[in-house]
1. So which residues in segment 65-74 are surrounded by 19 or more Cβ atoms within 10 Å (Cβ to Cβ) and under 11 Å from R164 (Cβ atoms), if there are any at all?
2. Just for segment 7-17: of the residues that are under 22 Å from the mean Cα position of the chain (by Cα) and without any contact (Cβ under 8 Å) to a residue 60 or more places away in the chain, which one is least open to solvent (accessible area, probe 1.4 Å)?
3. State which residue pairs qualify: first residue among the polar types (S, T, N, Q) and inside segment 89-107, second residue open to solvent by 20 Å² or more (accessible area, probe 1.4 Å) and away from ligand 2 (no atom under 14 Å from the Cβ) in any location, beta carbons under 7 Å apart, and separation of 6 or more residues or different chains.
4. Taking segment 196-223 as the search range and keeping residues that are modelled with pLDDT under 90 and open to solvent by 40 Å² or more (accessible area, probe 1.4 Å), which one is farthest from R265 (Cα to Cα)?
5. Does L134 satisfy the criteria of being more than 16 Å from ligand 1 (Cβ to nearest atom), of a type in the set (A, V, I, L, M) and assigned to a helix (DSSP H, G or I)?
6. Looking at segment 77-113, which of its residues are part of a loop (DSSP other than H, G, I, E, B) and either touching a Leu at 6+ places or on another chain (Cβ under 9 Å) or closer than 23 Å to E170 by Cβ (or both)?
7. Do any residues in segment 42-55 that are within 8 Å of S202 (Cα to Cα) and open to solvent by less than 20 Å² (accessible area, probe 1.4 Å) have Cβ atoms under 8 Å from those of residues that are in a loop (DSSP other than H, G, I, E, B) and near ligand 2 (Cβ under 10 Å from one of its atoms), where the two are at least six apart or on different chains, and which pairs are they?
8. Tell me, yes or no, whether segment 280-291 has at least one residue that is buried (at least 19 other Cβ atoms within 10 Å of the Cβ), in a strand (DSSP E or B) and at pLDDT below 95.
Amino acid sequence: MTVVTGELTGPLPVISTAGLTKHYGTVHALTDLTVDVGDGVTGLVGANGAGKSTLIKILLGLLEPTAGHAHVLGHDIEEHSQEIRRLVGYMPEHDCLPPDVSASDFVVHMARMSGLGASAARERAADVLRHVGLDEERYRPMGGYSTGMKQRAKLAQALAHDPRLVFLDEPTNGLDPAARTDMLRLVQRIGNDFGIAVLVTSHLLGELEQVSDHVIVLDGGHLLRSSATGEFLERTGSLLVEVVGTETERDRLGEALARHGLTCRPRGTMVAVDPPPPGLAEGGAAHDLIRDVAAELGLGLMRLQPDRRHLEDVFLEGGTRA
Ligand SMILES: Nc1ncnc2c1ncn2[C@@H]1O[C@H](COP(=O)(O)OP(=O)(O)OP(=O)(O)O)[C@@H](O)[C@H]1O
Ligand SMILES: [Mg+2]
């Protein structure tokens, strides 16, 4: 008997596409997309019209690709779309909630449609509505909900049948900053604590870098980049320094560091120090120098940390694609 172990073959990707292409008439929404998605939280980033929702709808079997292939949880999207929909939850981008039904009745209904019995569906609905933070309001008709409550109800129905993977299409759309943070924490918990793989879209790169293990960037239907989030946020070799006090103190520090051979520039209330020259680059010598110079000047050191690139920078660099 031949035993094929996971170590030899590697874990099966949650989603795998090969040459996926979608044209709507003359509009090229997706072009030759070949990408793999693994477990955990994967952010799908792109500007309006980049092809994010089109990709999700193709993976769900709601749209037919013009060319190419894809597998979701090992199932071919063209042959097994019904099986895929059994295993996958979907939070659509646009409002899809019946206004005269309560969130509680709606989620019970969705769970029953997925095959759960009456009492299991009620239990499951109560659980997911609690997880998404809809309390007493879950008994009110959804037509009267705020945008934040509607987004939570949409998320709850996506989780109703205990899926293995969820597609969350712009879950933070229309939310205020505090509600955005709550929603992002929830997305992260779904991926990390509940063990459900998540593909989450947004056009705000900064918010996806906070919660995603992996980020895929689409630009005009083309794959711009697919990498672990840590690789996007790779260190630049520069340092960020902040001292207690006004801009005058900040500038005094910058000038003193420059006299010791470090190239400095102001960045807001901080001093950004370019990668140190040889001699100061090794063994934390630059860190020691900054600490000593701040102490000599009598300045309180508040922050001394590596500067990291952010997704916005990667996206802007990528925007030069021919
Ligand atoms: N049914 C359709 N018919 C014609 N063109 C379409 C259709 N759906 C989408 N498109 C076009 O395909 C492209 C990709 O659209 P898609 O909705 O997938 O982008 P998106 O990344 O989800 O954008 P958004 O951030 O605005 O939701 C856009 O140019 C859009 O206008
Ligand atoms: Mg969209």
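The values are calculated or read from the model by the stated rules, or taken from the named source; none is laboratory data. The model shown is predicted, which means the values in this text are computed figures rather than measured ones. Using ideal geometry, Cβ is built from the backbone for each residue, glycine included, and neighbour counts are taken over all protein chains shown. With ligands, DNA and RNA removed, areas are computed over all heavy atoms of the protein, side chains included. Shrake-Rupley method; radii C 1.70, N 1.55, O 1.52, S 1.80 Å.
1. Matches in segment 65-74: V72, L73.
2. Taking the candidates together, the pick is T17.
3. Here the result reads S102/R138; S102/Y139; S102/R140; S102/P141; S104/R138; S104/Y139, each pair linking segment 89-107 to a residue that is open to solvent by 20 Å² or more (accessible area, probe 1.4 Å) and away from ligand 2 (no atom under 14 Å from the Cβ).
4. H203
5. Answer is no for this residue.
6. Once the filter is applied, which keeps residues that are part of a loop (DSSP other than H, G, I, E, B) and either touching a Leu at 6+ places or on another chain (Cβ under 9 Å) or closer than 23 Å to E170 by Cβ (or both), segment 77-113 yields I77, P92, E93, H94, D95, C96, L97, P98, P99, V101.
7. As it stands, the answer is V45/H203; G46/H203, since those pairs meet every condition given.
8. no
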